[in-house]
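Worksheet: the structure to be examined is printed underneath.
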Amino acid sequence: MIALVVGRVFGVIELFIIGSAFVAAVVLAIVFVRVRRPNISALRWVHPTVLVAGDTGRVDLRLEHHGRVRSTGFELAERVSRANATDHVARLSIAPLSRGTRSSAGYQLPTTARGIVRLGPLVVETRDPLGIARSTRTIADIDTVTVAPKTFLLDMPVLGQGALGRQLVVQARRLGPGEFHGLRTYVDGDEPRSIDWKASARSENLLVKEYTVEGVRRCTVVFDADPSSYLDVDGFERGITAAASLVHSAEQAGLTARFVTAGGIDLRGPETGANTLRVLARIEPDGSKLGLLDRDPGEGLGLMILVTGSHRSHGWSAIQAIVDPTLTVIGVTTDERSKANIGVSCRTEDEFVDSWRGLNGTSSTRPVGMPAGVRR
């Protein structure tokens, strides 16, 4: 524009021509991006629908051009943001589209930590060949993706197997015999009161009555969200992994699962596992007190598992006050080695898995979550 004015005022033809060319280029660029601007609609599809920390998801964009003329090539730009992390902009170049043409594009969505990932808005950017003019238009609103905490699929206790299984057998016997199962020959160590004298009179051997002893039927996982219970953020995050793993594993084993944490959260019912993952994906440190723990309307043997930082936490004091004879209390400590006979150490994820396995006398633990399983 300056060259055009100077050339006109001082009669410098060369400057006037150059200025005119620049003005014409700008006008043509504006006309170009307006006429060839794509009239695009877009649908966003994130899969899997629930991501797990450590997985890599994918965002697919389904595009359709509704314009009357063939579009120019354009670029899609979508902001990806998460708490406590630098925003990232995903940019995708799209070839020219004819009217009614459908196309697709996508990008990977890595998830290093649990939480909420915000996608969008999705913007289409059109530029002229010289890069002078640019047109932008939003074609998709904001979506959020929940990134669930990492989980391990753990074996639940079996009566008589491992330290926990033996403890549960003692607990079951205190609750009294179950249903009559059958008769067997008396062996040394059997209780004399278990002898069936009438059946023994008709047999050459003493016979004793056997009763079924029910295994664990319910599992309550309590997560201590008080930040003062943990040495650092890493311990808090390990606790979240442990709590998510225990609830998920209990539900997968067919137990009645329950999840309790601060803020009045008390999850029960058929969707406890999924709802727990949603809560733990968003949970932040919370110093409010835990609710009432020693009253569970379920029947049969149960586990009450507290996930906390150490044996000095308020959560540990609360769990020790439970008097329900049907519940076996287990502490999971993330910052120190468990000091209890029935306890689990979780100073690392590997220690948590191995400690739980040792407590149950099992030799395998199946991880879930990571690209098709969990990551170890």
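Shape of the stretch 83-172 from its Cα gyration tensor (a ≥ b ≥ c, root eigenvalues): rounded if a/c is under 1.5, otherwise prolate when a/b > b/c, or oblate?
Taking the square roots of the gyration eigenvalues as a ≥ b ≥ c, the stretch 83-172 is prolate.
In what order, largest first, do Arg193, Arg114, Arg62 sit by accessible area if the probe radius is 1.4 Å?
Arg193, Arg62, Arg114
Students often get this wrong: which residues of the stretch 108-152 have the backbone nitrogen under 18 Å from the point 7 angstrom along Cα-to-C-beta of Asp234?
Only 112-114, 150 fall inside the zone, counting backbone N under 18 Å.
Put Lys198, Lys289 in order of accessible area, largest first, 1.4 Å probe: what do you get?
Sorted descending by solvent-accessible area, the residues read Lys289, Lys198.
Can you tell me the FRET efficiency between Gln108 and Thr144 if r is taken as the Cβ-Cβ distance and R0 is 22 Å, rounded to the nearest 0.05?
For Gln108 and Thr144, the calculated efficiency is 0.80.
For Trp45, put the label point 7 Å out on the Cα→Cβ axis and report which residues of the stretch 59-78 keep their amide N under 12 Å from it.
So the set is 59-63.
Go through the stretch 226-231 residue by residue and turn each phi into a ³J(HN,Hα) via Karplus (6.51, -1.76, 1.60, θ = phi - 60°); whole Hz please, and just put x for glycine and proline.
Values, residue by residue: 5, x, 6, 7, 10, 6 Hz.
Expected output is a single nm value to one decimal: the length gained when fully extending between Arg91 and Glu64, i.e. 0.36 nm times separation in residues minus the C-alpha distance. What is it?
This chain segment gains 7.9 nm when fully extended.
Could you calculate the FRET efficiency of Arg312 with Asn84 from 1/(1 + (r/R0)^6), where r is the beta carbon distance between them and R0 is 30 Å, rounded to 0.05? Can you show the working numbers first?
Values: r = 28 Å, r/R0 = 0.94.
Calculated transfer efficiency: 0.60.
With the cut-off at 1.5 for a/c, could you classify the stretch 19-175 from its C-alpha gyration tensor as rounded, prolate or oblate?
It is prolate, given that a/c is not under 1.5 and a/b is the larger ratio.
The values are calculated or read from the model by the stated rules, or taken from the named source; none is laboratory data. The shown structure was predicted, so the numbers you read here are calculated from the model rather than taken from an experiment. When we count neighbours, we look across all protein chains shown, and the Cβ atoms used for this are built from the backbone with ideal geometry, even at glycine. Note: areas computed on protein heavy atoms with side chains; ligands, DNA, RNA excluded. Shrake-Rupley method; radii C 1.70, N 1.55, O 1.52, S 1.80 Å.
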